[in-house]
There are 2 protein chains.
Amino acid sequence: LIARVVARFPPGHATVLGPGDDAAVVRTPDGRVVASTDLLVEGRHFRREWSSAYDVGRRAAAQNLVDIAAMGAVPTALLVGLAAPADLPADWVDGFADGLADECALVGAAVVGGDVVSSEVLTLGVTALGDLQGRAPVTRSGARVGDVVVLVGGLGFSAAGLAVLAGGDTALAGRHPEVVAAFRRPAPPYAAGPMLADLGATAMIDVSDGLIADLGHVAEASGRRVELHSDWLLIEPALRAVGAALGVDPLTWVLTGGEDHALVATMPADVVLAPGLLRIGLVTEGSGVAIVGRQPPAGPGGFDHFPMPG
Amino acid sequence: LIARVVARFPPGHATVLGPGDDAAVVRTPDGRVVASTDLLVEGRHFRREWSSAYDVGRRAAAQNLVDIAAMGAVPTALLVGLAAPADLPADWVDGFADGLADECALVGAAVVGGDVVSSEVLTLGVTALGDLQGRAPVTRSGARVGDVVVLVGGLGFSAAGLAVLAGGDTALAGRHPEVVAAFRRPAPPYAAGPMLADLGATAMIDVSDGLIADLGHVAEASGRRVELHSDWLLIEPALRAVGAALGVDPLTWVLTGGEDHALVATMPADVVLAPGLLRIGLVTEGSGVAIVGRQPPAGPGGFDHFPMPG
């Protein structure tokens, strides 16, 4: 099994020694390495009935690679542990491996190592490595009063896709493949991480828990308040259409939906934003996240799941 | 929970940015990083009734840190994912974290990041990083005809300890705490990894699957045959005593017992061995592992579980 999988992982530009030995060796020209690890558990983080093996591989890689980008670094390598039930089909493993490899290839990274063990619960352990290329790491704690909040990437699509799949309406799913695809296979804006760092980002995070929750992490770590202007956010036509079909205010998905892995950063107020970079808020004195403008509806699945101190 | 755990992880000398952000940052003065990952599943790799939380932490860290040492590198950092059932006691997590931190401290490494998720099966994902300090990585594939095989560290203790625990004879366990302790908390010879590399090791591996199996990996990767001289191995008094009590030839544990995490290397024939380094075999033309001298008994739990090509 391991040999089959390893054959699906071509070396990357940073690979010195790939899979098959006690450990891998990866180039770190910066003299520092950025590293992040996640566990994904079937039934909690993915479902085989909702996502193909290939898409699980893409998503498992994506959510770790974007953690590297969110520090202002370029991903270089992935290590992947697979705890698999005895009846997991071999072609599931092949598809999963291909998904990992293809997502890595988007950023020039490579799968360099891993582990395969048995477990009753299909569980993935993914570790990503990256190189800062001389940049200072952009943490969550550097937001300053007067900074603007800048968003890169789509928000709410994955949550809308999950709502469509969970509702079981296959006709609706067929009419809105873009949101279902976003749930199965997020497309994080990897290159924006180093770009925002080079533009002077003072804090950065990827949106995995939802925009309000993740800006809350920045606010707390920075000891500042984030004012999020809901009217500055874009609510794309697909989200409006799916929201209308399901009776959900799509602003809820944009504000609280996780797993899109957009990047959000705080930047100097005079930053000149390239196309695709959206100003969505301001950093002020205080604490917590405040929503300025139209408020999302409260209630189940809505806003009050995410407490806002301050 | 995460905040509780993080407070138990002091930074190490290589830590630039520790837990709490999207990713950690670790110094890699060599310009390369060595990385290895393992998954550990309750019931397969550890049992809460046989090992304390602290010992599970020590062992989870040890088996990854020694993979770094087996490349000739010095471990610098650990990332740890914890997939935990909802009823896992908080003090188990504290003990586990303390075990991780203490094992890391033995080598100057530090826990720099992690992830905590829910799962019905307690599962640990551990990734270790290390620095080669300018050395060439020592792989499994470099053994040359004429090299000697050198062992550093104890062998058979963990398997004997497992046999004692599995037998349920608490009096026997009480009489042989050294083997039970070796099962619960292996003590890999970390410093020997870089030392053997500096002495010219041509191949190296840590003994996690059993001596014959792991030398088989070296033989296969190197395209050579390993002659293992059973009469050159030490069978320590504790193993003889436990073997006598359980009716097991202790040579079986030494040759096939995993999880002691001794290091075994192939070295130039003229190497001058320091105390604690044991010559146990030779590299020849051919393939597979051959045992020269007394043969271990065949049968259940014994030798024929480990096929020897050649």
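The values are calculated or read from the model by the stated rules, or taken from the named source; none is laboratory data. Keep in mind that what you see is a predicted model, and the values were worked out from it rather than measured. FYI the Cβ positions are ideal-geometry reconstructions off the backbone, even for glycines, and counts take in every protein chain you see. Heavy atoms of the whole protein, side chains included, go into the accessibility calculation; ligands, DNA and RNA do not. Shrake-Rupley method; radii C 1.70, N 1.55, O 1.52, S 1.80 Å.
Using only the alpha-carbon atoms of segment B:27-127 as identical scatterers, what base-10 log of I(q)/I(0) does the Debye formula give at q = 0.21, 0.22 Å⁻¹?
Once normalised to I(0) and log-transformed, intensities are -1.05, -1.14.
How large is the helix-only mean residue ellipticity at 222 nm for the protein assembly as shown, computed as the sum of -39500 (n - 2.57) over DSSP H runs with n ≥ 4, divided by its residue count, in deg cm²/dmol to the nearest 500?
Per the formula, -9500 deg cm²/dmol.
I'd like the Karplus ³J(HN,Hα) series for segment A:140-151: coefficients 6.51, -1.76, 1.60, θ = phi - 60°, whole numbers in Hz, and an x wherever there's a Gly or Pro.
Result, rounded to whole Hz: 8, 9, x, 4, 10, 4, x, 5, 9, 9, 10, 10.
Suppose R0 equals 60 Å; then what is the FRET efficiency for A:I235 and B:A191 from their Cβ-Cβ distance, rounded to the nearest 0.05?
0.50
Counting only Cβ atoms, what residue of chain A lies nearest to the axis that sends chain A onto chain B, and how many whole Å off?
Output: A:G125, 1.
What is the distance in Å between the Cα centroid of segment B:132-159 and that of segment A:74-126?
28
Taking a ≥ b ≥ c as the square roots of the eigenvalues of the Cα gyration tensor of segment B:190-310, is the shape rounded (a/c under 1.5), prolate (a/b larger than b/c) or oblate?
Oblate shape, in that a/c is at least 1.5 and b/c is the bigger or equal ratio.
As a test of the definition: with a 1.4 Å probe, what buried accessible area, both sides summed, do you compute for A against B, in Å² to the nearest 100?
3800
Averaging sequence separations of C-alpha pairs under 8 Å and six or more residues apart, then dividing by the length of chain B, give the relative contact order as a whole percent.
Computed value for chain B: 22 percent relative contact order.
Got a sec? Charge dipole of segment B:1-156, +1 on Cβ for Lys and Arg, -1 for Asp and Glu; which of B:G18, B:T37, B:V66 is way out at the positive end?
Of the candidates, B:V66 comes out farthest on the positive side.
State log₁₀ I(q)/I(0) for the protein assembly as shown at q = 0.05, 0.09, 0.10, 0.11 Å⁻¹ as given by the Debye formula over alpha-carbon point scatterers of equal weight, solvent excluded.
-0.24, -0.73, -0.88, -1.03
With unit charges on the beta carbons (Lys and Arg positive, Asp and Glu negative) and the dipole taken about the Cα centre of the protein assembly as shown, which residue among A:I280, B:V242, B:A171 sits farthest to the positive side?
Among A:I280, B:V242, B:A171, the one farthest towards the positive end of the dipole of the protein assembly as shown is A:I280.
Name the residue, out of B:A83, B:A163, B:A192, whose mean-square fluctuation peaks in a Gaussian network model built on chain B with Cα pairs under 10 Å.
So, out of B:A83, B:A163, B:A192, the one fluctuating most is B:A83.
May I ask for the angle, rounded to the nearest 10°, between helix A:157-167 and the longest principal axis of chain A, with both axes built from Cα atoms and the value confined to 0 to 90°?
Tilt of helix A:157-167: around 80 degrees.
Quick one: net charge around B:V117, please, counting Lys, Arg +1 and Asp, Glu -1 for every other residue with C-beta under 13 Å from its C-beta.
Once all neighbours under 13 Å are counted, the net charge is -4.
Per residue of segment A:252-262, what does 6.51 cos²θ - 1.76 cosθ + 1.60 with θ = phi - 60° give for ³J(HN,Hα)? Whole Hz please, x for Gly and Pro, Karplus curve as stated.
Calculated HN-Hα couplings, in order: 4, 5, 5, 7, 10, x, x, 6, 7, 6, 5 Hz.
Give me, ordered by chain and number, the residues 5 or more places off A:G114 or on other chains with an amide H under 5 Å from its own placed amide H.
Those qualifying (amide H under 5 Å, at least 5 residues apart or on another chain) are A:G20, A:V80, B:T37.
In whole angstrom, how far apart do the alpha carbon centroids of segment B:168-222 and segment A:252-268 sit?
Centre-to-centre distance over Cα atoms comes out at 47 Å.
Just B:A290, B:A128, B:A61 to compare: in a GNM of chain B, with alpha carbon springs under 10 Å, which one fluctuates most?
Looking only at B:A290, B:A128, B:A61, the biggest GNM fluctuation is shown by B:A290.
Below 13 angstrom from the Cβ of B:P29, what's the summed charge of the other residues (Lys, Arg +1; Asp, Glu -1)?
Neighbourhood net charge equals +1.
Under 5 Å between amide hydrogens, which residues at least 5 positions from B:A262 or on another chain qualify, with H placed 1.01 Å from N in the peptide plane?
B:V207
Which value in nm describes the separation of the simple spin-label points at B:A269 and A:L106, placed 7 Å from the Cα toward the beta carbon?
Placing both labels 7 Å along Cα→Cβ, they lie 5.6 nm apart.
Let me spell out the model: positive unit charges on the Cβ of Lys and Arg, negative unit charges on the Cβ of Asp and Glu, origin at the Cα centre of the protein assembly as shown. What dipole size does that give, in debye rounded to 20?
480
With a point put 7 Å past each Cα toward its Cβ, work out how far B:S52 is from A:R294 in nm, to one decimal.
If labels sit at B:S52 and A:R294, their model points lie 5.9 nm apart.
I'd like the carbon and sulfur percentage of the solvent accessible area for chain B, probe radius 1.4 Å, heavy atoms only, ligands and nucleic acids excluded.
55
Can you list the distances in nanometres, one decimal and ascending, from the A:A105 label point to the identical position in each other copy, with the point 7 Å along Cα to Cβ?
A:A105 label point versus its equivalents elsewhere: 4.7 nm.
Can you tell me the accessible area per residue over the protein assembly as shown, all protein chains present, probe 1.4 angstrom, in square angstrom?
That works out to 36 Å² per residue.
Report, for B:G146, each distance to the same residue's label point in the other copies, shortest first and in nm; define the point 7 Å along Cα→Cβ.
7.2
Please name the residues of segment A:105-141 whose accessible area, counted over protein heavy atoms with a 1.4 angstrom probe, falls by no less than 20 Å² between the chain alone and the full protein assembly.
When all protein chains are present, A:D115, A:V117, A:S118, A:S119, A:E120, A:V121, A:T123, A:T127, A:L129, A:P137, A:T139, A:R140 each give up 20 Å² or more of accessible surface.
As I understand it, the value is the acute angle between the Cα axis of helix B:237-246 and the longest principal axis of the Cα atoms of chain B; what does it come to in degrees, rounded to 10?
Roughly 90 degrees, rounded to the nearest 10.
Give me a comma-separated list of calculated 3J(HN,Hα) values for segment A:187-195, in order, Karplus coefficients 6.51, -1.76, 1.60 applied at θ = phi - 60°, integers in Hz, x for any Gly or Pro.
10, x, x, 3, 5, 5, x, x, 5
To the nearest whole number, what is the average tally of beta carbon atoms from other chains within 10 Å of the beta carbons of peptide B:199-206?
That average works out to 1.
Every other copy gets compared here: list the nm distances from the B:G288 label point (7 Å along Cα to Cβ) to its counterparts, shortest first, one decimal.
Nearest to farthest, the other copies are at 7.2 nm.
Need one word for chain B: rounded, prolate or oblate. Basis is the Cα gyration tensor (sqrt eigenvalues a ≥ b ≥ c); a/c below 1.5 gives rounded, then a/b vs b/c decides.
oblate
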